[in-house]
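Here is the structure we will look at, set down as structure tokens.
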Amino acid sequence: MKWRHRAWPAAPLALALLAATGCDSTPGARPEPTAKPSTSVARVCAKPSPGPAKAPAGAVTVDPAVPGDLAAKTRSSPPHTTFWLRPGRHRLEPDRYAQVIPKEGNIYLGAPGAVLDGRGTNQYAFGGTARDVGIRHLTVQGFVAPHDEGVVNHDSADGWVIEHATIQNNSGAGLMAGAGQQVRASCLRDNGQYGMNAYKGGGALRGLVVEGNEIVGNNKDDWERKRSGCGCTGGVKFWAVDGADIRGNWVHDNRGPGLWADTNNNDFLIEDNLIEANDGAALIYETSYNAVVRKNTIRRNNWVEGRKYAERGDTFPFATIYLSESGGEPRLRARTDKIKIYRNVLENNWSGITLWENADRFCNSPANTSSGDCTLLVKNTDRCAQPAIATAPLYADCRWKTQRVDIHDNRFTLDKSVVGCTAKCDRMAVLANYGSYPDWSPYQGERVAEAITTEQDNRWHDNVYIGTWKFVAHDPSRILDPGQWQGTPYRQDEGSTFRARNGG
């Protein structure tokens, strides 16, 4: 997994969303330490909602016995046509680039048992730039999209609605995303790279809804093994998304992280999800801004990745919620000007929450792994150079900062006998590296470590801890017990409670 710390030697639908997580609905209420999160989730993949058994009035019927029938009838029909795919296995022409190119407002409905199968030949199922396309009750499988590309909405057109769909066993990403896209009550399963790659070239992707889906078993092709450090894996990857609601999903058993927001995302609401048993972190929020993470049940994540790094002697506190160079920014329009993490239940994960800032990562630095991108506060990356970068406002604006993070009213439970660890799986952390690169950097030395630890308004408070926890502050060498964490100079977790348990 690309942790990037290497500086160290809508239509009505019946959604069965997550049940209560053990936290009550009173704002600011502290979770009850003995409450247990519910295991009731929408099991979309096991019980998909069936489509219409008969063609709706006015719909064009698509015959699975005719190869290419869906693409041909799409070409010959006007915009805003509804297509009903009969039961059976539908095929495109046997050409790698053969695909369906919808027209504006087209709707594709699958009958019970309708499957669009790429048969390991076709790269893309649905592409083009038409707006407001709907895909419902249809299984899409067997397509072979290249790395970083997707099968459904390949060209990231705007306004698509994907509901009650099963998108499975494809290479690349099952879905791409455009502005205003809604993905609801669908099964994104066993795709080679991502369940969804939310990326739109040429600017921010605005307004995304991901609600009531099951996102499971993705990154089947294990891309981090193929391209070490690529940072290109997980259940869902978000790139430059401005405004996203990620609600009521079951995100589980993905190779790599469950959810990963990477580079200049802003204004995320992540709530009421069950995120469990992912090989890596439940959530990575990286070089991004302004988010609310609340009322999620997060359990048994990061066992594979956390253990791998621990066993090779890495001292970095790999966490199940990992904020890397991400924080609140009042100058960007969003529902909050902080990153708020509250009323979540975290149970038996490999470690808890890490707030990290790489002192050597900023606009125009060779250590910036975000493909030459700059922060949302600086439009011209070339401005971030000496001598201007050493003074205000560029000294602050040329780097992504982990700041204004408010972590409260969460319950953190750890039983090491369940996780199967003796050390390094019990950390909360706020830290940075010693700045050293490049030689013209104005952030050298401990100034970033001091800032993230004591100056950038990062606070834990009013949480409940069950089990034996350790805390890391400033740098990996400073490992603290709860008393030291709460004492001077850190003064974290005011109002929090700590209770050991057998096996903790």
Which one of these does D158 not meet: (1) open to solvent by 10 Å² or more (accessible area, probe 1.4 Å); (2) farther than 17 Å from K103 by Cα? (2)
Checking T81, T21 in turn, the sole residue that is modelled with pLDDT under 95, open to solvent by less than 20 Å² (accessible area, probe 1.4 Å) and β-branched (V, I, T) turns out to be T21
Suppose we filter Q456, Q386, Q444 for residues that are over 26 Å from D272 (Cα atoms) and either within 27 Å of the chain's Cα centre (by Cα) or acidic (D, E) (or both); which single one remains? Q456
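Okay, residues lined up against (1) touching a helix residue (DSSP H, G or I) at 6+ places or on another chain (Cβ under 8 Å); (2) open to solvent by 30 Å² or more (accessible area, probe 1.4 Å):
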residue	(1), (2)
A98	yes, no
K103	yes, yes
P112	no, yes
L116	yes, no
T121	no, yes
F126	no, no
D132	no, yes
L138	no, no
Q141	no, yes
Out of (1) part of a loop (DSSP other than H, G, I, E, B); (2) touching a helix residue (DSSP H, G or I) at 6+ places or on another chain (Cβ under 9 Å); (3) open to solvent by 10 Å² or more (accessible area, probe 1.4 Å), the one V378 does not meet is (3)
Evaluate segment 325-339: report whether one residue or more is under 20 Å from W469 (Cα atoms), in contact with a Pro (Cβ under 7 Å, 6 or more places away or on another chain) and modelled with pLDDT of 95 or more. no
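The values are calculated or read from the model by the stated rules, or taken from the named source; none is laboratory data. Note that the coordinates shown come from a computational prediction; the quantities given were computed from them, not determined experimentally. Neighbour counts run over all protein chains shown; Cβ positions are idealised from the backbone, glycine included. When the accessible area is computed, the model is the full protein with side chains, heavy atoms only, and any ligands, DNA or RNA have been set aside. Shrake-Rupley method; radii C 1.70, N 1.55, O 1.52, S 1.80 Å.
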